1. Hey, what do the phi angles of region 55-62 turn into as Karplus ³J(HN,Hα) couplings, whole Hz, using 6.51/-1.76/1.60 and θ = phi - 60°, x for Gly and Pro?
2. In whole Hz, what ³J(HN,Hα) sequence does region 2-14 give by Karplus (6.51, -1.76, 1.60; θ = phi - 60°), x for Gly and Pro?
3. Divide, for the chain, the radius of gyration over alpha carbons by 2.2 N^0.38 Å, where N is the residue count.
4. Using amide H atoms built in the peptide plane, which far-off residues or other-chain residues are under 5 Å from N11 H to H?
5. Report the one residue of L64, A137, F96 whose Cα lies farthest in the direction of the positive end of the charge dipole of the chain (charges on C-beta: Lys and Arg +1, Asp and Glu -1; origin at the Cα centre).
6. Which whole-number percent gives the relative contact order of the chain, counting Cα pairs below 8 Å spaced six or more residues apart?
7. Taking amide H atoms as placed 1.01 Å from N in the peptide plane, list the residues 5 or more away in sequence, or in a different chain, whose amide H sits under 5 Å from that of F25.
8. Once phi is turned into θ = phi - 60°, what whole-Hz ³J(HN,Hα) does the Karplus curve with 6.51, -1.76 and 1.60 give for every residue of region 70-81, x standing for Gly and Pro?
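The values are calculated or read from the model by the stated rules, or taken from the named source; none is laboratory data. None of the values given here were measured: they were computed from a predicted structure. Neighbour counts are summed over all protein chains in view; Cβ atoms, including those assigned to glycine, are modelled from backbone coordinates with ideal geometry. Just so you know, the surface numbers come from the protein's heavy atoms only, side chains and all, with ligands and any DNA or RNA stripped out. Shrake-Rupley method; radii C 1.70, N 1.55, O 1.52, S 1.80 Å.
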Amino acid sequence: MSDCIFCKLANGEIPTAKLYEDDDFSVILDANPATKGHALILPKAHYADITEMPEELTAKAFVLAKKMGSHLKETLEADGLNIVQNNGEKAGQTVFHFHIHLIPRYADGPCIVANWVQNPLSDETREEVITKASVKAL
Ligand code: AMP
Ligand code: ZN
């Protein structure tokens, strides 16, 4: 995608603060970090979101999230770690090139990333979702 900023960042066409790189991914610092060390895992190939990603690359992305997230938490002496991945505008995605947020958390830092109103599961909704979304194999 010639006009995708994350394609350019992931492939080194635009200079950025890069923490890690392999054949498939770059890990860069978010330009507007929620906390110190907030980083983004970017595949070098363009996929708009997780629904477009090949399974093998998706698996590699989440293994990298575990490794790089653990590494950030240890080296930056963080107290916790959020792994956040948004798909679609209504889910908060603003850049439409798949990415995983790694957000180290600190005891004295802000404590909410994602928040939603918790409503009790109704009988009607439970039945609807079970009817529509139960699946035996994926
Ligand atoms: P999302 O809302 O999940 O799509 O997240 C997009 C993230 O990309 C935000 O946290 C932005 O701060 C970050 N971002 C946007 N442009 C850049 C850029 N040029 N370099 C680094 N991070 C960026
Ligand atoms: Zn892209």
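1. 4, 4, 5, 4, 4, 4, 4, 7
2. 5, 9, 9, 4, 6, 4, 5, 5, 5, 9, x, 7, 10
3. On the way: Rg = 17.1 Å, N = 138, 2.2 N^0.38 = 14.3 Å.
Cα Rg divided by the expected 2.2 N^0.38 Å: 1.20.
4. none
5. Sorting the options by dipole projection puts first L64.
6. On the way: 174 pairs, mean separation 29.9, N = 138.
Relative contact order of the chain: 22 percent.
7. Counting only residues 5 or more places away or on other chains, the set is K44.
8. Using θ = phi - 60°, the values come out as 5, 4, 4, 4, 5, 6, 9, 6, 7, 9, x, 8 Hz.
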